[in-house]
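**Student:** Before I ask anything, here is the structure I am working with.
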Amino acid sequence: MALKVVIVGAGIVGTACAFHAASAGLDVTVVDRAPTGAGTTSRGEGNVLLSDKEPGPELVLARLSRTLWDEAGRELGAASLGLEPKGGLVVASDARGLAALGEFALRQQAAGVRAEPVDRVRDLEPHLAPGIPGGVHYPQDAQVEPVVAAVALLRAAVRRGARVHRGEVTGAVTGGAGRVTGVRTSAGAVLPADAVVNAAGTWGGEVGRRLGAPVAVHPRRGFVLVTEPLPPMVRHKVYSADYVAAVASRDAGLETSCVVEGTRGGTLLIGASRERVGFDSTMSTAVVAELAARACRLFPFLRDVHLLRAYRGFRPYCPDHLPVVGPDPRAPGVVHACGHEGAGIGLAPGTGALVTAHLLGRPWHGADPAAHTGLLPGRFLRSGGGSG
């Protein structure tokens, strides 16, 4: 009989876990209180990035995920995922920033990332502001349409036998030695399971608590601006070098950097901001104005472009900026797959493969096992930060 797996969360990470687990022949049920991709997934830009990651466990997972996105594109159709291998361009504002960016790129190259220094950045992006001293081109960077991709992955999982249950997980069912043997939902259902995967995104900390295995996952609010549709003006995902520092910052206050990229529909997406304000979804005109000003400095033509809207969402933030992926030693039967912050869409396939490998008792898809160790939930227990 196939292993019964309940996956809590139908965002991009949960659906990727369902896709890989169902493809491996496991008996999969996905449970969520909302429609597929309705949470953080619907508030993302669809980034599939290697360019913003330091060498280490996250970059290993990102490289695996990048390969698996291509595999999923070949199997399901790239259009069904909105997969676009556009590449990324990181630009520096001055000579000092360019030197730091070059050093960062060298470390990434040593870890297997294609990173190509560029002196004449306007050869790649003609509409950039003049005077930019250089940058680094990352041809492996890509983009997907987040909700479209989540729906496609879940549909493929269902074709392989997975089921979808609508409801909120309210608690765990436990058996001998405290092992989690299922979940209870707000719909009054009890879903039996040999393993429960916590892929609840921003709510991963709360779902972990309900399963008896709290993890340090917190919301980090971010805004994205959307322009009117335009002719093709921005060819790559383009961002300033300070974006990497903003992603890695532990500061609870506002962090902003400039990120601009086009979509297949012609609109431009402009970000990025990060701040820890709980689940406060208040619209901040000051943040919107700052993001718009930064984008106009990078691409001056934007001064004459209209904004259609600004949206905001919450990234699932962990204090060390690494996702929590793997079995929880406090609650046998619980496997975490959350805390990816703004990288969840890019890291989803690798996370799904890693979770499935654990459920099957197999090595992690040929990757260095030491890299997986850095993602395990036990790291919080060692540091005393299990519940955040």
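**Student:** Search the stretch 296-325 for residues that are closer than 15 Å to Arg43 by Cα and pair each with any residue that is in a strand (DSSP E or B) and small (Gly, Ala, Ser) when their beta-carbon atoms are under 7 Å apart and the residues are at least 6 apart or on different chains.
**Tutor:** Pairs that qualify, where the first residue is closer than 15 Å to Arg43 by Cα and the partner is in a strand (DSSP E or B) and small (Gly, Ala, Ser), are Arg312/Gly222; Gly313/Gly222; Arg315/Gly222.
**Student:** Also: Contact list please: Cβ distance under 8 Å, first residue in the stretch 92-117 and more than 16 Å from Gly134 (Cβ to Cβ), second residue part of a strand (DSSP E or B) and not polar (S, T, N, Q), pairs at least six apart or on different chains.
**Tutor:** Val113/Tyr138; Arg114/Tyr138
**Student:** Turning to a different aspect of this structure: Are any residues in the stretch 266-295 free of Cβ contacts under 8 Å to residues at least 12 places away in the same chain and either touching a Ser or Thr at 6+ places or on another chain (Cβ under 6 Å) or small (Gly, Ala, Ser) (or both), and if so, which ones?
**Tutor:** Ala286, Ala289, Ala293
**Student:** Just the residues that are within 18 Å of Gly44 (Cα to Cα) and either in contact with a strand residue (DSSP E or B) (Cβ under 6 Å, 6 or more places away or on another chain) or modelled with pLDDT of 90 or more (or both), please, taken from the stretch 282-294.
**Tutor:** Selection gives Val287, Val288, Leu291, Ala292.
**Student:** Considering Asp328, Asp320, which residue is buried (at least 24 other Cβ atoms within 10 Å of the Cβ), acidic (Asp, Glu) and under 29 Å from Leu59 (Cβ atoms)?
**Tutor:** Details: Asp320 fails: buried (at least 24 other Cβ atoms within 10 Å of the Cβ).
After ruling out the rest, the residue left standing is Asp328.
**Student:** Next up: Return yes when Ala95 is touching a strand residue (DSSP E or B) at 6+ places or on another chain (Cβ under 8 Å), more than 19 Å from Val48 (Cβ to Cβ) and surrounded by fewer than 17 Cβ atoms within 10 Å (Cβ to Cβ) and no when it is not. Don't jump to the end; show me each part of the working.
**Tutor:** Details: touching a strand residue (DSSP E or B) at 6+ places or on another chain (Cβ under 8 Å): no; more than 19 Å from Val48 (Cβ to Cβ): yes; surrounded by fewer than 17 Cβ atoms within 10 Å (Cβ to Cβ): yes.
No.
**Student:** What strands (runs of 3 or more DSSP E) completely inside the stretch 120-222 contain at least 1 residues that are open to solvent by less than 70 Å² (accessible area, probe 1.4 Å) and closer than 23 Å to Arg33 by Cβ? Please lay out each step first, then the result.
**Tutor:** Details: elements: 134-138, 163-166, 169-174, 180-185, 190-192, 195-198.
Answer list for the stretch 120-222: 163-166, 169-174, 180-185, 190-192, 195-198.
**Student:** Now for a different question. Restricting to the stretch 295-313, and then to whatever is modelled with pLDDT of 90 or more and part of a strand (DSSP E or B), can you tell me which residue is most open to solvent (accessible area, probe 1.4 Å)?
**Tutor:** Here the answer is Arg309.
**Student:** Can you name the residue in the stretch 74-92 that is buried (at least 21 other Cβ atoms within 10 Å of the Cβ) and over 12 Å from Gln140 (Cβ atoms) and, of all such residues, is farthest from the chain's Cα centre (by Cα)?
**Tutor:** Ala92
**Student:** Which of the residues spanning the stretch 280-326 are among the polar types (S, T, N, Q) and under 30 Å from Pro231 (Cβ atoms)? I'd like the intermediate steps shown before the answer.
**Tutor:** Residues of the stretch 280-326 that are among the polar types (S, T, N, Q), as a first pass: 281-282, 284-285.
Correct list: Thr285 only.
**Student:** One residue is enough: does the stretch 97-111 have a residue meeting the conditions among the hydrophobic types (A, V, I, L, M, F, W, C), out of contact with any Pro (no Cβ under 6 Å at 6 or more places or on another chain), at pLDDT 95 or above and in a loop (DSSP other than H, G, I, E, B)?
**Tutor:** The answer is no; no qualifying residue exists.
The values are calculated or read from the model by the stated rules, or taken from the named source; none is laboratory data. Computed from a predicted structure; not experimentally measured. Glycine also receives a Cβ, built like all others from the backbone with ideal geometry; neighbour counts cover every protein chain displayed. Accessible surface areas use protein heavy atoms only, side chains included; no ligands, DNA or RNA. Shrake-Rupley method; radii C 1.70, N 1.55, O 1.52, S 1.80 Å.
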